[in-house]
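Note sheet for the following structure.
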Amino acid sequence: MALIARNIDTGFVMADKVGVAATRETRRVGLLKHASLPAGEALWIVPSRGVHTWGMRFSIDVVALDERGIVIDRIAHMKPGRIRLPRRGTAGVLELPAGTLDRSGTTIGHRIEFERTSTDAPAGSRGTAVPMPRESEHQS
């Protein structure tokens, strides 16, 4: 099973290969070991309230989501060596390849839905919606 992230307001599939960082270790490492973030890939960091790109070698787009999946902060083309302080109400952040937010038309107030879909499902098929996890579900 794989996760995809879809902007419900625009219908745009933001990523069809979403990794999840839900433990202290995976949240700490994030994308630091990556040389790039290819189109279609993303990292969902939950719980997370803010992000940094210290030690990264590439720019990313970031959306902060509340517990319902509503975009409450949007950072396009966040360069390496930067920090984005937490925004009130953030439950998790989705890190995407730079340029994804502009291509998808994603703005504050839009809703991002995560779907669980089989890796062998036909392109464009809809899977099962995955609720935003709560912090208590991912204590480590």
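The values are calculated or read from the model by the stated rules, or taken from the named source; none is laboratory data. Values in this document were obtained by computation on a predicted structure and should not be read as measured data. Please note: Cβ atoms are built from the backbone with ideal geometry, for glycine as well, and neighbour counts cover all protein chains shown.
In the set (1) out of contact with any strand residue (DSSP E or B) (no Cβ under 6 Å at 6 or more places or on another chain); (2) of a type outside the set (D, E, K, R); (3) within 20 Å of Ile4 (Cβ to Cβ); (4) crowded, with 18+ Cβ neighbours inside 10 Å, Ile60 fails one condition alone, (1). Across the range 23-43, the number of residues qualifying as modelled with pLDDT of 75 or more and touching an Asp or Glu at 6+ places or on another chain (Cβ under 8 Å) comes to 4. Do the conditions hold for Thr53, that is, is it under 25 Å from Arg116 (Cβ atoms) and out of contact with any Phe, Trp or Tyr (no Cβ under 6 Å at 6 or more places or on another chain)? When the stated conditions are applied, Thr53 does not pass them. Considering every residue within the range 129-136, establish whether at least one is modelled with pLDDT under 95, assigned to a strand (DSSP E or B) and on the phi < 0 side of the Ramachandran plot. Among the residues of the range 129-136, at least one is modelled with pLDDT under 95, assigned to a strand (DSSP E or B) and on the phi < 0 side of the Ramachandran plot, which makes the answer yes. Suppose the filter is part of a loop (DSSP other than H, G, I, E, B), surrounded by 11 or more Cβ atoms within 10 Å (Cβ to Cβ) and at pLDDT below 95; does Arg87 pass it? So Arg87 passes the test.
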